[in-house]
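The values are calculated or read from the model by the stated rules, or taken from the named source; none is laboratory data. Computed from a prediction, not measured in an experiment: that's the story for all the values here. Reconstructed Cβ throughout: ideal geometry from the backbone, glycine too, with neighbour counts over all protein chains shown. The accessibility values were calculated without ligands, DNA or RNA, using every heavy atom of the protein model including side chains. Shrake-Rupley method; radii C 1.70, N 1.55, O 1.52, S 1.80 Å.
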Amino acid sequence: MRIALFITCFNDTMFPRTGRAVTELLERLGHTVEFPQGQTCCGQMHFNTGYRPETLPMVRRFAEVFAGYDAVVAPSGSCAGMVRDHHRVVAAQYGDAALAEAVEHVVPTVYELSELLVDVLGVTDVGAYFPHRVTYHPTCHSLRMLRVGDRPLSLLRAVKGIDLVELPAAESCCGFGGTFALKNADVSNAMLADKMRHVQDTGAEFLCAGDNSCLTHIGGGLSRLRTGVGTMHLAEILASTEGDVR
């Protein structure tokens, strides 16, 4: 397949290694991965904070840049959810018929990484090797908007050498929520404290998730407490092999 990588702003700026991991993984599985240079923000931050008309240029840009690919993969449940759930809304309310049609063509090709691997490519064992104790946090957008279910866990269970342990109260939010963590800092920190306690209870070496935004929030707290627990995006674990343990 010819697959476009939608890296997302957060990953492009702070976690480029996640994009490299996605590329290495998909190429190892025999697919062509392209990085459209014209890609920009999906508009999630603007949309979620009430600047919906200002989201229109980003929706238009996305539809233009990612047209024509067999699939578009995003290593982020929140950004994939924005495109899939809200780009049609923006196009219908603030765009024109041509944009609505363009969005309608591209949106069905957009997948979060675990969806692409399990549902489209039909694989769970991607040949990964990661000999560490890991626990998995299902992020809110992937869980509640995309409804990825146990797809990430099925991929992790197939990783050779992994010791995958269940995270207590896994479906509870970590307290990040984008600007929620800034506007409601006290509530966010209380939710983070609960999540960190559950992570530590697992005895895991690494916390895994499909969104680096949530991993940054939880990982920052774990680091401040000097717990020694690391964080890794799902793509980075899946891209690891016996010859290249990350």
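Numbers below:
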| read-out | value |
| --- | --- |
| Qualifying positions in segment 131-156 - out of contact with any helix residue (DSSP H, G or I) (no Cβ under 6 Å at 6 or more places or on another chain), over 11 Å from residue 234 (Cβ atoms) and part of a helix (DSSP H, G or I) | 140, 143, 144, 154 |
| Residues located in segment 17-33, provided they are open to solvent by 60 Å² or more (accessible area, probe 1.4 Å) and either under 15 Å from residue 233 (Cβ atoms) or outside any helix (DSSP H, G or I) (or both) | 17, 20, 24, 30, 32 |
| Residue that is nearest to residue 152 (Cα to Cα) [pool: residues in segment 221-246 that are in a helix (DSSP H, G or I) and open to solvent by less than 20 Å² (accessible area, probe 1.4 Å)] | 234 |
| Subset of segment 91-116 [under 17 Å from residue 156 (Cα atoms) and in contact (Cβ under 8 Å) with a residue 60 or more places away in the chain] | 112, 113, 114, 116 |
| Sole exception among (1) open to solvent by 50 Å² or more (accessible area, probe 1.4 Å); (2) out of contact with any strand residue (DSSP E or B) (no Cβ under 7 Å at 6 or more places or on another chain); (3) at pLDDT 95 or above for residue 96, by number | (3) |
| Residue check for residue 63: open to solvent by less than 10 Å² (accessible area, probe 1.4 Å), touching an Asp or Glu at 6+ places or on another chain (Cβ under 7 Å) and in a helix (DSSP H, G or I) | no |
| Residue tally, condition in contact (Cβ under 8 Å) with a residue 24 or more places away in the chain and in contact with a strand residue (DSSP E or B) (Cβ under 7 Å, 6 or more places away or on another chain), over segment 125-153 | 14 |
| Matching entry among 40, 49, 32 (being touching a strand residue (DSSP E or B) at 6+ places or on another chain (Cβ under 9 Å) and either outside the structural domain of residue 87 (by the TED database) or in contact (Cβ under 8 Å) with a residue 12 or more places away in the chain (or both)) | 32 |
| Count of segment 189-220 residues which are open to solvent by 40 Å² or more (accessible area, probe 1.4 Å) and either of a type in the set (Gly, Ala, Ser) or in the same structural domain as residue 116 (by the TED database) (or both) | 3 |
| Check on residue 43, closer than 27 Å to residue 99 by Cβ and loosely packed, with under 14 Cβ neighbours inside 10 Å | no |
| Selection status of residue 115, surrounded by fewer than 19 Cβ atoms within 10 Å (Cβ to Cβ) and not basic (Lys, Arg) | no |
